[in-house]
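Student: Can you read through this structure? Questions will come right after.
The values are calculated or read from the model by the stated rules, or taken from the named source; none is laboratory data. All figures in this text were calculated on a predicted structure; none of them were measured in a lab. Note: ideal-geometry Cβ built from the backbone for every residue, glycine included; neighbour counts use all protein chains shown.
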Amino acid sequence: MGHLSYEASIKAVYRGLILLGFVTLIEVFISLLAKGHVIKGAEQYKVILYTAGLVMIGLSLYKAYFIVYDFMHMRYEVKGLAMSVLLPTLLLVWAIIAFFQEGGSWKARRDQIKEKNAEEVDGKTQGGLSLRNDVYVLPEWRG
Amino acid sequence: MATAETVLEHEVHEYDSKDAWSGGKEPFKTSYGKLMMWYFLLSDAFTFAGFLIAYGSLRFSSSTWPVPDFVFSTAPFGIHHAPLIFVTIMSFLLIISSVTMVRAVQEGHRENKNGVVFWMLLTVLGGLGFLSCQAWEWTNLMGAEHMSVTTNPFGTHTSDGVYLEDEHGHAYKEGEKPEAFKARGSYLIHKHENEATGKEEWVQRKVKYSDGTLGVQELGPPAFGALFFFITGFHGFHVLSGVVFLLIIAINSGSGIYAARRNGYEMVEKIGLYWHFVDLVWVFVFLVFYLL
């Protein structure tokens, strides 16, 4: 520290409070807007939902940057220290992509199983072929 | 002559290499304690990221998911239908306590003992306020709304349709207009006492979807309850341990042992890093659980 005078650093703290509070209020407003609490029916549009999501993620990352750089004084640390703490978090980018991809494919499997369970089945044997009696034939495979 | 020069060169070289590795140099220009606090926080960030990524992938894997505005819409003093208001107040408590923590660190740099203790105690108050709010939130979710680690009564309709029963699970009377619902509409399944057995039972209303199929209101994805209690609980536990350490360090500051060290109350700076980190994690818990 000692980069700012005492009075200036106190002012900077309260500016930080106003900034964080203001950004949080904007985030809550955007969230309510996207869920249709501000304008009725807004929740029906996927575009609004996704845009609002991206904006909120951006604002949260900004809040995180502000807390780390100003409140935790990362701004005044040596570059090597800052990089040794911040760069490893980039690994999370991979983790997010991989696990969300996994979640998405999990959902696709579940939907497929649900769909298949709802299909009508034919217990009879297929023409000419003798199948075991626990084998069911789906309509699209019937000859 | 030549030998003397060689010896000198050798000595200089040896001196250099010894100097770089014999300690005393600080490439990061910070103390051991502060550096290790940063690395602890980095590892803690990975733990929280693991939890939040698990939330994300489970949410992606479910065809329905509770809408946060619907789940978190109650506040103390009988306030209902106030989406996200209570949790916004909780966020503000943490932000304010972060600011008072910065003030405590600043007073520490000026070696102002009373200032340090005053601002640290305000920070403790903020932390306790946050924990009290969370205690109310949990009590409401578990007691009034019957959410648990294994059961989640918050569901979402998958398509349009009408109810075939009223809110108490009784068939509609003659002339009563059946209630309709829309796809992606949220509902909370209540528990009612069964008159015959005296047991608490879920009231899952029978429904008829717009394509003509019949069904019942299903309970929501159970992972929601487990994730909510584990993630907010893990964060709450961080706040609780932060409050305990803040109190210990405030008492130590008051006793004058940090003043004797003459290092600008570095211990206050270290607990300050931890406390800001707790606020930082809340930024993302708030985003993932309440905003998105």
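Student: If you check B:Pro83 against the conditions, is it modelled with pLDDT under 85, in contact with a Leu (Cβ under 9 Å, 6 or more places away or on another chain) and at the interface with chain A (Cβ under 9 Å from one of its Cβ atoms)?
Tutor: no
Student: Sort out which residues of the stretch A:89-109 are more than 7 Å from chain B (Cβ to nearest Cβ) and either under 30 Å from B:Ala45 (Cβ atoms) or surrounded by 12 or more Cβ atoms within 10 Å (Cβ to Cβ) (or both), and write them in order of number.
Tutor: A:Leu90, A:Leu91, A:Val93, A:Trp94, A:Ile97, A:Ala98, A:Gln101, A:Ser105
Student: Would you mind telling me which numbered condition in (1) part of a loop (DSSP other than H, G, I, E, B); (2) of a type outside the set (S, T, N, Q); (3) closer than 30 Å to B:Glu107 by Cβ B:Pro178 fails?
Tutor: Only one criterion in (1) part of a loop (DSSP other than H, G, I, E, B); (2) of a type outside the set (S, T, N, Q); (3) closer than 30 Å to B:Glu107 by Cβ is unmet by B:Pro178, namely (3).
Student: Also, I was wondering about something else. Could you go through the stretch B:60-83 and let me know if any residue there is under 30 Å from A:Met74 (Cα atoms), in the same structural domain as B:Val243 (by TED's automatic domain parsing) and in a helix (DSSP H, G or I).
Tutor: No.
Student: Now for a separate question. Every residue in the stretch A:63-78 that is assigned to a helix (DSSP H, G or I) and more than 14 Å from B:Val105 (Cα to Cα), please.
Tutor: The answer is A:Lys63, A:Ala64, A:Tyr65, A:Phe66, A:Ile67, A:Val68, A:Tyr69, A:Met74, A:Arg75, A:Tyr76.
Student: Does B:Ala183 qualify as being aliphatic (A, V, I, L, M), under 21 Å from B:Phe72 (Cα atoms), surrounded by fewer than 16 Cβ atoms within 10 Å (Cβ to Cβ) and not assigned by TED's automatic domain parsing to the domain that holds B:Ala82? Reasoning before the result, please.
Tutor: On the way: aliphatic (A, V, I, L, M): yes; under 21 Å from B:Phe72 (Cα atoms): yes; surrounded by fewer than 16 Cβ atoms within 10 Å (Cβ to Cβ): yes; not assigned by TED's automatic domain parsing to the domain that holds B:Ala82: yes.
Here the answer is yes, as B:Ala183 does meet what is asked.
Student: What is the residue count in the stretch B:20-40 for residues that are within 8 Å of another protein chain (Cβ to nearest Cβ) and closer than 17 Å to B:Gly272 by Cβ? I'd like the intermediate steps shown before the answer.
Tutor: Taking the stretch B:20-40 and keeping what is within 8 Å of another protein chain (Cβ to nearest Cβ), we get B:27-30, B:35, B:38-39.
Of the ones still in play, those that are also closer than 17 Å to B:Gly272 by Cβ are B:30, B:35, B:38-39.
Going through the stretch B:20-40 one residue at a time, the tally reaches 4.
Student: Let me ask you something else. What are the pairs, 6+ residues apart or on separate chains, where a residue within the stretch B:84-95 that is over 15 Å from B:Leu131 (Cβ atoms) has its Cβ under 9 Å from a residue that is outside any helix (DSSP H, G or I) and aliphatic (A, V, I, L, M)?
Tutor: That search, which allows pairs on different chains as well, returns B:Ile85/B:Ala75; B:Ile85/B:Ile79.
Student: Is at least one residue of the stretch A:37-57 closer than 27 Å to B:Arg103 by Cβ and under 13 Å from the mean Cα position of the chain (by Cα)?
Tutor: Just the residues of the stretch A:37-57 that are closer than 27 Å to B:Arg103 by Cβ, to begin with: none.
Among the residues of the stretch A:37-57, not one is closer than 27 Å to B:Arg103 by Cβ and under 13 Å from the mean Cα position of the chain (by Cα), which makes the answer no.
Student: Here's another thing I want to ask about it. Can you spot a residue in the stretch B:225-232 that is in contact (Cβ under 8 Å) with a residue 40 or more places away in the chain and within 14 Å of chain A (Cβ to nearest Cβ)?
Tutor: Within the stretch B:225-232, one or more residues are in contact (Cβ under 8 Å) with a residue 40 or more places away in the chain and within 14 Å of chain A (Cβ to nearest Cβ).
Student: Now for a separate question. Tell me yes or no: at least one residue of the stretch B:97-106 is outside any helix (DSSP H, G or I) and either in the same structural domain as B:Ile79 (by TED's automatic domain parsing) or more than 30 Å from B:Phe86 (Cβ to Cβ) (or both).
Tutor: Going residue by residue through the stretch B:97-106, those that are outside any helix (DSSP H, G or I) are none.
Among the residues of the stretch B:97-106, not one is outside any helix (DSSP H, G or I) and either in the same structural domain as B:Ile79 (by TED's automatic domain parsing) or more than 30 Å from B:Phe86 (Cβ to Cβ) (or both), which makes the answer no.
Student: Is there a residue being surrounded by 11 or more Cβ atoms within 10 Å (Cβ to Cβ), over 18 Å from B:Leu280 (Cβ atoms) and either at the interface with chain B (Cβ under 10 Å from one of its Cβ atoms) or at pLDDT below 95 (or both) anywhere in the stretch A:58-77?
Tutor: Scanning the stretch A:58-77, I find no residue that is surrounded by 11 or more Cβ atoms within 10 Å (Cβ to Cβ), over 18 Å from B:Leu280 (Cβ atoms) and either at the interface with chain B (Cβ under 10 Å from one of its Cβ atoms) or at pLDDT below 95 (or both), so the answer is no.
Student: Still on this structure, I have one more. Where residues in the stretch B:126-168 are in contact with a strand residue (DSSP E or B) (Cβ under 9 Å, 6 or more places away or on another chain) and among the aromatic types (Phe, Trp, Tyr), which of them is farthest from B:Leu247 (Cα to Cα)?
Tutor: Top of the filtered list is B:Tyr163.
Student: Something else now. Out of the residues in the stretch B:245-292 that are out of contact with any His (no Cβ under 9 Å at 6 or more places or on another chain) and part of a loop (DSSP other than H, G, I, E, B), which is farthest from A:Tyr76 (Cα to Cα)?
Tutor: B:Leu292
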